[in-house]
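**Q** Got a structure here, written out as structure tokens. Questions coming.
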Amino acid sequence: MWGGRFAEGPDAIMEAINASIGFDQRLAAQDIAGSRAHAAMLAATGILTDKDAEAIKEGLLTVLSEIEDGTFRFSTALEDIHMNVEARLTELVGEPAKRLHTARSRNDQVATDFRLWVRDQYDAAGAALEALMKALLSQAEAGADWVMPGFTHLQTAQPVTWGHHMLAYVEMFSRDLSRLRDARARMNECPLGAAALAGTSFGIDREMTAEALGFARPCANSLDAVSDRDFALEFLSVASISAMHLSRLAEELVIWSSAQFRFVRLSDRWTTGSSIMPQKKNPDAAELLRAKIGRIFGAQVALMTVMKGLPLAYSKDMQEDKEQVFDAADNWMLSLAAMAGMVGDMEANGDALRAAAASGFSTATDLADWLVRALGLPFREAHHVTGALVAKAEAKGCDLPDLSLAEMQAEHGEITDEVFSVLGVDNSVASRTSYGGTAPTRVREQVAAWQERLA
């Protein structure tokens, strides 16, 4: 493979550490697409004859067919996907295959293949994010006016609606989608033609190959083109932030599906039982999803560590980029699909949600706000009066609406029975009509807006 420079073959251990075909065979379709575009450009610029280009084109299609139907034999001795494809192409078409590598290097070849693969993953992840957002919107629409507790510090804070809570995750995943699209546009430049690091003396047309492969433009600097892995790091960053959002939702599903909360029921499709406890219905899909996030985070740290000390241009260290990205992409896509399935199937327990919303003095802020609006108290004084009333209710073992007017007036003599109109959870959520608030009217507006955007 190395021509006349080497008199001996590599040591077996060197071959094992050097070979990447065990994982980079996943780039086969992208590698063949890049080679077809390169051959067509070489013919168009007169560097390759039309006859040779046609033979290469047909041979590459045969190689792709063999790979897709599982009959292709990958060789560790040939190191990587590029040399495996080229060797088989040579067997099929002979001399023309030896001309294919004119005006390119494996350095720009792998950079192109990898960008194409990451771009494909962005497209698949974008579709998966949209599917998850639609599942969340269905839940939000169904429960636009279902009252539930809103939490801070996992302690009851104020009543919110189920729809509002679902929409919070729609917003999170929409930012993931925005980051994904932004990153995809930024990485959509073609390295092909940068050759090993300095470009090439052949009169190639890089605009032609970039256009043929769906890139917006060629990479502008040949050194950067072959040594850049920012696109892979940014993919891992986008995946990591999205995975963090998935993990937060998974955590809530684990908590909500417990016997202590009973907020949701996860379907049999996304739960498992116990080998010894017949009553158990474990949220294993959510728990496994929560754990897989660590692998995505780890991939980002690993690749950052690989890249942090590399001089320009290409170094063999960069071969360690793909396994990290492949694993992260697999786990991100699996997690997105699993979450969309769980959200689509889960059933909210409206009674449990309402009961929890009405506990824990969740309307205390409504009482304080009423004292400001109705009596003109400064908020800090209203906060103090409300805190005293909460303490009184807690001592009695009741909630705020269960206190008598006389008991309330003992803390502040100007309180009237109008105060009870703001202490119900339905009144509380209905009053939160500020933009982005939890009021059912606002929830329905947001659901409609998102449905239109995702249509």
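The values are calculated or read from the model by the stated rules, or taken from the named source; none is laboratory data. Keep in mind that this is a model prediction, so the values were computed, not measured. Heads up, the Cβs are rebuilt from the backbone with ideal geometry, glycines too, and the neighbour counts pull from every protein chain shown. Just the protein is used for accessible areas: all its heavy atoms, side chains included, with ligands, DNA and RNA removed. Shrake-Rupley method; radii C 1.70, N 1.55, O 1.52, S 1.80 Å.
Okay, residues lined up against (1) in the same structural domain as Gln319 (by the TED database); (2) of a type outside the set (Gly, Ala, Ser):
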| site | (1), (2) |
| --- | --- |
| Leu78 | no, yes |
| Arg115 | yes, yes |
| Gln121 | yes, yes |
| Ala128 | yes, no |
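**Q** Still on this model: Do you know which of the residues in the stretch 93-146 that are charged (D, E, K, R) and touching a strand residue (DSSP E or B) at 6+ places or on another chain (Cβ under 8 Å) is surrounded by the fewest Cβ atoms within 10 Å (Cβ to Cβ)? Before the answer, list the steps.
**A** Taking the stretch 93-146 first, the residues charged (D, E, K, R) are 95, 98-99, 104, 106, 108, 113, 115, 119-120, 123, 130, 134, 141, 145.
After this cut, where a residue has to be touching a strand residue (DSSP E or B) at 6+ places or on another chain (Cβ under 8 Å) as well, the list is 115, 145.
Values: Arg115: 26, Asp145: 18.
The residue in question is Asp145.
**Q** Among the residues of the stretch 294-309, is any within 28 Å of Phe261 (Cα to Cα) and either of a type outside the set (Asp, Glu) or not assigned by the TED database to the domain that holds Trp162 (or both)?
**A** Among the residues of the stretch 294-309, at least one is within 28 Å of Phe261 (Cα to Cα) and either of a type outside the set (Asp, Glu) or not assigned by the TED database to the domain that holds Trp162 (or both), which makes the answer yes.
**Q** Right, another one. Considering Glu445, Glu411, which residue is without any contact (Cβ under 8 Å) to a residue 60 or more places away in the chain, over 18 Å from Ala168 (Cβ atoms) and charged (D, E, K, R)? Write out each step before concluding.
**A** On the way: Glu445 fails: over 18 Å from Ala168 (Cβ atoms).
Checking each option against the conditions leaves just Glu411.
**Q** Sort through Thr90, Thr71 and tell me the only one that's surrounded by fewer than 17 Cβ atoms within 10 Å (Cβ to Cβ), outside any helix (DSSP H, G or I) and at pLDDT 95 or above.
**A** Details: Thr90 fails: outside any helix (DSSP H, G or I).
Just a single option satisfies the conditions, and that option is Thr71.
**Q** Among Arg444, Arg380, which is closer than 18 Å to Val147 by Cβ and among the basic types (Lys, Arg)?
**A** Values: Arg380 fails: closer than 18 Å to Val147 by Cβ.
Step by step, each of Arg444, Arg380 is checked, and only Arg444 is closer than 18 Å to Val147 by Cβ and among the basic types (Lys, Arg).
**Q** While we're here: With the requirement that a residue be at pLDDT below 95 and either open to solvent by 30 Å² or more (accessible area, probe 1.4 Å) or aliphatic (A, V, I, L, M) (or both), what does the stretch 151-165 give you?
**A** Within the stretch 151-165, Phe151, Thr152, His153, Leu154, Gln155, Thr156, Ala157, Gln158 qualify.
**Q** For residues that are in contact with a helix residue (DSSP H, G or I) (Cβ under 7 Å, 6 or more places away or on another chain) and hydroxyl-bearing (Ser, Thr, Tyr), scanning just the stretch 380-421, find the one that is surrounded by the fewest Cβ atoms within 10 Å (Cβ to Cβ).
**A** Looking at the filtered set, the residue picked out is Ser421.
**Q** Out of the residues in the stretch 166-209 that are under 19 Å from Asp120 (Cα atoms) and charged (D, E, K, R), which is surrounded by the most Cβ atoms within 10 Å (Cβ to Cβ)?
**A** Asp176
**Q** Just one of the numbered conditions (1) among the hydroxyl-bearing types (Ser, Thr, Tyr); (2) surrounded by 18 or more Cβ atoms within 10 Å (Cβ to Cβ); (3) assigned to a helix (DSSP H, G or I) is not true of Thr441; which one?
**A** Of (1) among the hydroxyl-bearing types (Ser, Thr, Tyr); (2) surrounded by 18 or more Cβ atoms within 10 Å (Cβ to Cβ); (3) assigned to a helix (DSSP H, G or I), only one is false for Thr441: (2).
**Q** Being over 20 Å from Glu207 (Cβ atoms) and open to solvent by less than 30 Å² (accessible area, probe 1.4 Å) is the filter here, so list the residues in the stretch 218-230 that pass it.
**A** Scanning the stretch 218-230 gives Ser227, Arg229.
**Q** Right, here's the next one. Residues in the stretch 155-162: is at least one touching a Ser or Thr at 6+ places or on another chain (Cβ under 8 Å) and in a helix (DSSP H, G or I)? Full working, then the answer.
**A** First pass over the stretch 155-162, keeping only residues touching a Ser or Thr at 6+ places or on another chain (Cβ under 8 Å): 156-161.
Still in the list and also in a helix (DSSP H, G or I): none.
Checking the stretch 155-162: not a single residue is touching a Ser or Thr at 6+ places or on another chain (Cβ under 8 Å) and in a helix (DSSP H, G or I).
**Q** Please give the helices (runs of 4 or more DSSP H) falling wholly within the stretch 247-363 in which 2 or more residues are open to solvent by 20 Å² or more (accessible area, probe 1.4 Å) and closer than 30 Å to Leu403 by Cβ. Write out each step before concluding.
**A** Numbers: elements: 284-307, 321-345, 350-357.
Because the criterion is at least 2 residues that are open to solvent by 20 Å² or more (accessible area, probe 1.4 Å) and closer than 30 Å to Leu403 by Cβ, the helices (runs of 4 or more DSSP H) in the stretch 247-363 that meet it are 350-357.
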